[in-house]
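Working notes, structure below.
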Amino acid sequence: MRVVVLGAAAGGGFPQWNSNAPGCRRARAKDPKARARTQASVAVSADSKHWFVLNASPDLRAQIEANPPLQPKEGLRSSPIAGVVLSNGDVDAIAGLLHLRERQPFTIYSTGRILAILAANPIFEVLAHDVVKRQLVPLHTPWPLLLPGGEASGLTIELFPTLGKVPLYLEAADETPPLVEGEDTVGVAVSDGSHTFYFVPSCAGMTESLRARLAGAELVFFDGTLWTDDEMIRAGIGSKTGLRMGHMSLSGPNGTMAAFSSLGVRKKILIHINNSNPVLLDDSPEREIAEAAGWTVAYDGMEVTL
């Protein structure tokens, strides 16, 4: 099973289009220690021929062009992309679907709640239902990923709830949405029958159920949005804490690094990393701390084979 990181950054990418912060300036100047990253997504294949994309980021077209395995190989029009698995309904997870609108057969896999968000937005009807299938996947249920013709791909997924909230654009005005474990924010377990990895790009807290699921895992891609909970407030670029946005912070006694310290995960990779997070910089003290704790910071084009 091959896993390719298509994009490693959180919404807005790195550098973010309207950010003049020091890290973004370094990335824009092509500083090799501040590597640019597109928005978070990974692709997985059991046979190196047919691929499934986990979250369709707004940068998906550029990500396809940067990764030859995802480019057309046959006839006048074709695609190795057999399906897209959605872990939430945020813009940085679904907007890329619009790049796949050229009547190319594939299947969208997700929860009922996330598929309902697509159904409620007419713009997604450009993905014609007679060509692009929408497959509801119940939580806690192993589900086969199929090729467009219905053949087995060799991969199965299981969707499981992680602590999270509704997408920003569905929040009620002047109300703080509750953090819940439900169908709005899920993790994805991907298996080829011999190996399993976990994709958890959004998570507001380590619950006992999530702890039990990830303990001893071979590979986990996990939410690396912020280094500290009040990072964006202190930097003067936002008014919300990480928790309010539905994300754990990496540092601190209740942060991701502390939560994973006793889980025995063999390979831990941070993904969905905000442009304000200093862990993106190869020469930052925060990167040194994260690596000392056994974490790898994802970058575009990174590949893992299981």
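FYI, it's all coordinate maths here, none of it is from the lab. Note that this is a predicted model, so its numbers are computed, not measured. Cβ coordinates were reconstructed from backbone atoms using ideal geometry, including for glycine residues, and neighbour counts include every protein chain displayed.
The table below gives the values:
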read-out	value
In order through region 213-222: 3J(HN,Hα) via Karplus (6.51 cos²θ - 1.76 cosθ + 1.60), integer Hz, x for Gly, Pro	5, 8, 4, x, 5, 6, 7, 9, 8, 10
Value at 222 nm in deg cm²/dmol, rounded to 500, when DSSP H runs of n ≥ 4 in the chain each add -39,500 (n - 2.57)	-4000 deg cm²/dmol
DSSP beta bridges in the chain [antiparallel fraction, %, rounded to 5]	55 percent
Sequence of LEU250, LEU54 once ranked by neighbouring C-beta atoms within 10 Å, starting from the fewest	LEU54, LEU250
Stretch gain in nm, segment LEU76-TRP17, where the contour uses 0.36 nm per residue and the Cα spacing is subtracted	17.8 nm
In sequence order, calculated HN-Hα J values of region 173-189 (Karplus, 6.51, -1.76, 1.60; Hz; x Gly/Pro)	4, 6, 10, 8, x, x, 8, 9, 9, x, 8, 6, 9, 10, x, 10, 9
Pair GLU65, LEU136: separation of 7 Å Cα→Cβ label points (nm)	3.8 nm
Amide H contacts under 5 Å for THR296, placed H, 5+ residues apart	LYS268, ILE269, LEU270
Sequence of VAL265, VAL188 once ranked by neighbouring C-beta atoms within 10 Å, starting from the fewest	VAL265, VAL188
Residue with peak Gaussian network fluctuation, the chain [Cα springs, cutoff 10 Å], from LYS267, LYS240, LYS165	LYS240
Ranking of MET248, MET257 by count of other Cβ atoms within 10 Å, fewest first	MET257, MET248
HN-Hα J in Hz across region 108-117 - Karplus 6.51, -1.76, 1.60, θ = phi - 60°, x for Gly and Pro	9, 10, 5, 6, x, 5, 6, 5, 5, 4
